[in-house]
Amino acid sequence: MTPEEIRALCLRRGRRRLALVLLPALVCALLVAAGRWPWAVLLFCITLTTITIGTLVPRCALFGGFIKRQPPGSKQPLLTIDDGPHPEHTPAILDILDRHGITAVFFLIGNRAEAHPHLVHEILRRGHEVANHTQTHPATTFWALRPRRMWDEIARCQETLARIAPEHPPRYFRPPAGHHNMFCVLTARALGLTTMMWTARGFDGTLTDTTTILRRIQRKLTQDGIVLIHEGTPVCVEVAEKVAAMLSQRCAQA
Ligand SMILES: [Zn+2]
C-alpha cells in the first residue's frame, strides 16, 4: 500500500469507530422518545464513563494495545525523557546520562526538533534513541483530536524526525499527557509505531519538589519498568541527575 492509501484506510477506520461510539447516543434518543428516561440516563453515563476512562487513564488499553512495561526478564528499568529537545536541558541531561552510563529514549516534539536538529543528532550520536511525541504537543486538546488532526500530529512528527535523521526513524510513539482516545493507537500503528507508556513517573511536569518527585518514582520502580521524566521544567536537570543516580545504583546492585 502507498502512504496515501494507508492514511485513507486509517481515517476510514477512525470514522467507523466514531460512528460506533455515536450509536449509544442514537439509542439514548430513542429511549427518551419512548419515555424511558432512567434507561437513557444509565446508558449515557455508562458510555461517557467508558470513553473517559479509555481516553484519560494512561494505563487503560481499551482503545488499543501499547507497551506498559519492558519484556519479562529485563535487567534494568528503561529511562524515557519527554518534551525535548531543549537548547539548555538536552546537552546537560546528555552529560548526566554519559556520567552514569545510562541510555534513554527521548520522546521528541517535532517543532522543537526542527528548531534544534543538531540536538537530535547529538542524542543519537551518544547512543540514545529518539521517538515520536507529536509535532506540536497539543497537551490540553490531544484527548479530543479527531482522526485527521490525529494523523497530522503523529505523521508530521514522524516525517520531521525521519528527515533530520533518516537512518534512525522513530519506532515508538507517546501521546502528550498520556491521553489516548480511540484514534490515537490506531493512527500510531498505521504509521508503523508502537505506543509506549510508562510504569513510574513523579509528575515532574507539574511538581517542583524534587524529593517528592523522586519518592514517587522510587515507589513504582521495578526491574522491567519504564520511567518517565521531562525536559523543559525548572527542575528537570536536577531530576535527571537524581533519577540517573538512582538507576545506575540499582543497576550496580543487580
Ligand atoms: Zn509531553
**Report entry** Per-residue HN-Hα couplings for region 155-162 [Karplus 6.51, -1.76, 1.60; θ = phi - 60°; Hz; x = Gly/Pro]
**Finding:** 5, 5, 5, 4, 5, 4, 5, 5
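In µm²/s, what is D for the chain at 25 °C and 0.890 mPa s, where D = kT/(6 pi eta Rh) by Stokes-Einstein and Rh is the Kirkwood radius from Cα pairs? Mind dumping the intermediate values first?
Numbers: Rh = 19.5 Å.
Diffusion coefficient, whole number: 126 µm²/s.
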Report task. Quick one: dipole size for region 78-253, taken about the Cα centre, charges +1 on Lys/Arg Cβ and -1 on Asp/Glu Cβ, in debye to the nearest 20. Result -> 580
Report summary line: Phi angles of region 197-202, converted by Karplus (6.51 cos²θ - 1.76 cosθ + 1.60, θ = phi - 60°) into ³J(HN,Hα) in whole Hz with x for Gly and Pro, give 9, 8, 10, 9, 9, x
Report summary line: Under 5 Å from the placed amide H of His230, counting only residues 5+ away or on other chains, we find Asp82
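Assuming 1.002 mPa s and 20 °C, estimate D for region 109-254 with Stokes-Einstein, Rh taken as the Kirkwood radius over Cα pairs, in µm²/s. Walk me through the intermediate numbers first.
Details: Rh = 16.4 Å.
Once the numbers are plugged in, D ends up at 131 µm²/s.
Does region 89-140 classify as rounded, prolate or oblate by the C-alpha gyration tensor (a ≥ b ≥ c root eigenvalues; a/c under 1.5 gives rounded; else a/b over b/c gives prolate, otherwise oblate)? Write down the numbers at each step before the final one.
On the way: a/c = 2.23, a/b = 1.84, b/c = 1.21.
Prolate, because a/c is 1.5 or more and a/b exceeds b/c.
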Report summary line: Most fluctuating of Pro117, Pro166, Pro85 in the GNM of the chain (C-alpha, under 10 Å) is Pro166
Report summary line: Diffing region 172-187: the Karplus 3J(HN,Hα) column from phi (6.51, -1.76, 1.60, θ = phi - 60°), in whole Hz with x for Gly and Pro, holds 10, 10, 9, x, x, 6, x, 7, 9, 6, 5, 9, 5, 5, 4, 5
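Over all directions, how big on average is the projection of the convex hull of the alpha-carbon atoms in region 43-177, in square nanometres?
Numbers: hull surface 38.6 nm².
If I average the Cα hull's projected area over directions, I get 9.7 nm².
What's the ranking of 138-150, 9-21 by average number of surrounding C-beta atoms within 10 Å, highest first?
On the way: 138-150: 16.6, 9-21: 14.4.
Sorting 138-150, 9-21 by mean packing, highest first, produces 138-150, 9-21.
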**Report entry** Positive-end residue, the chain charge dipole about Cα centroid, Cβ charges, pick of Ile67, Ala92, Ile123
**Finding:** Ile67
Query raised in the report: Relative to the longest principal axis of the chain, what angle (0 to 90°, nearest 10) does the C-alpha long axis of helix 89-100 take?
Result: 60
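Which whole number in µm²/s is D for region 4-117 by Stokes-Einstein, with the Kirkwood Rh taken over Cα pairs at 25 °C and 0.890 mPa s?
My calculation gives 130 µm²/s for D.
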Query raised in the report: Who wins for biggest fluctuation among Leu30, Leu207, Leu193 in a Gaussian network model of the chain, springs between alpha carbons below 10 Å?
Result: Leu30
Query raised in the report: Most mobile of Asn132, Asn111, Asn181 per a Gaussian network model of the chain (Cα springs, under 10 Å)?
Result: Asn111
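Treat the count of other C-beta atoms within 10 Å as a stand-in for reagent exposure and order Ile46, Ile67, Ile213 from fewest to most. Please list the in-between numbers first.
Working: Ile46 11, Ile67 15, Ile213 24.
Neighbour counts put them in this order, fewest first: Ile46, Ile67, Ile213.
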Query raised in the report: What is the set of long-range amide H partners of Leu79 at a cut-off below 5 Å, with H atoms built 1.01 Å from backbone N?
Result: Val105, Val227
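Could you put Glu167, Glu231, Glu159 in order, starting from the residue whose Cβ has the fewest other Cβ atoms within 10 Å? Spell out each step's value before the answer.
Details: Glu167 6, Glu231 25, Glu159 15.
With the sparsest Cβ surroundings first, the list reads Glu167, Glu159, Glu231.
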Query raised in the report: Which angle between 0 and 90 degrees, to the nearest 10, do you get for helix 3-33 versus the longest principal axis of the chain when only C-alpha atoms count?
Result: 50
Report task. Measure nothing but the geometry: give the 0 to 90° angle between the long axis through the Cα atoms of 210-220 and the longest principal axis through the Cα atoms of the chain, rounded to 10°. Result -> 70
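A short reminder: the numbers here are calculations on the coordinates, not readings from a lab. Predicted model only: the values in this text are computed from it and were never measured. Cβ sites come from the backbone with ideal geometry, for glycine too, and all protein chains shown count toward neighbours.
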